[in-house]
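Please treat every number below as a calculation from the coordinates, not as lab data. These numbers come from a predicted model, not from an experiment. Note that we place each Cβ from the backbone using ideal geometry, even for glycine, and neighbour counts take in every protein chain shown.
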């Protein structure tokens, strides 16, 4: 933790503490709307506001009824199953394709590298509503609209740029002499990749895969265009719940999604630190 040097002037000391207070206020402003959802998900009444009993910390004002509703409601269970099927499948495809693309872009004599990089990360740049509309018309022509494979392929396209960026960043510190040494000893390219290259870039692959998973798991715009009733995912079900039948079950699902996001972010941070240790940027 950084501290002030003993020779710091009064103005430097003022800025030192004022900057930390400002950062704390900004963090509070960003996090507070999310944290409000958590206690509301335990509301015993079907309201989206704090009741008087909740404000008085009355135990009878809190309940797990909305979490039980997730388990007992067939629509929510079906949406959860679809979300995991789509997210896991899209993550596997995006990680595989993104890693291959990053390996190709990392080659020293790769022609038109900037052009290909721009094309690969374009789903991150183009407004999502335009991407979703284009996918809808394209998938409708080939018969993939309102099907799980269509949603999986769409989410693969959205998640691949994250894998390309993270793996490319990992490869920036990769020693290519290891590949040359492996080839000189008679190893095949496949053996070299799985036993030398992949273990070293694995933190970047996992980080990109987690970003792809989060992108797919939380995505709603493309699903609104491509999914039918049987292909509803959690975000699509939440959207329908807000428009059709307002229920605090949405708050319970949102709380669970927050917990999943926190776990994934902690995993990403651990992977980042591990990657720095492997590259020698931080002590072991």
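Taking the fewest neighbouring Cβ atoms within 10 Å as the starting point, the ordered list for 269, 60 is 60, 269.
Shape summary: segment 1-88 maps onto an equivalent ellipsoid whose semi-axes, from the alpha-carbon gyration tensor, are 44, 22, 9 Å in decreasing order. Find the centroid of the Cα atoms in segment 64-93 and in segment 1-59, then give the distance between the two in whole Å. Going from one Cα centre to the other spans 31 Å. Take every pair of alpha-carbon atoms less than 8 Å apart whose residues are at least six positions apart; their mean separation over the length of the chain yields a relative contact order of 27 percent. Computed per residue of the chain from DSSP H runs no shorter than four, each worth -39500 (n - 2.57), the mean residue ellipticity at 222 nm is -23500 deg cm²/dmol.
Pairwise Cα separations in the chain fall into 10 Å bins from 0 onward with the following percentages, short to long: 6, 20, 25, 23, 17, 8, 2, 0.
The order of the peptides 247-258, 113-124 by mean Cβ neighbours within 10 Å, most packed first, is 247-258, 113-124.
So how do 69, 141, 58 line up by other beta-carbon neighbours within 10 Å, fewest first? Walk me through the intermediate numbers first.
Values: 69 15, 141 9, 58 12.
Neighbour counts put them in this order, fewest first: 141, 58, 69.
Relative to the compact-globule estimate of 2.2 N^0.38 Å, the Cα radius of gyration of segment 236-278 comes out at 1.77.
Inter-part distance, segment 114-145 to segment 247-268, computed on C-alpha centroids, equals 28 Å.
In terms of other Cβ atoms within 10 Å, 67, 47 run from fewest to most in the order 47, 67.
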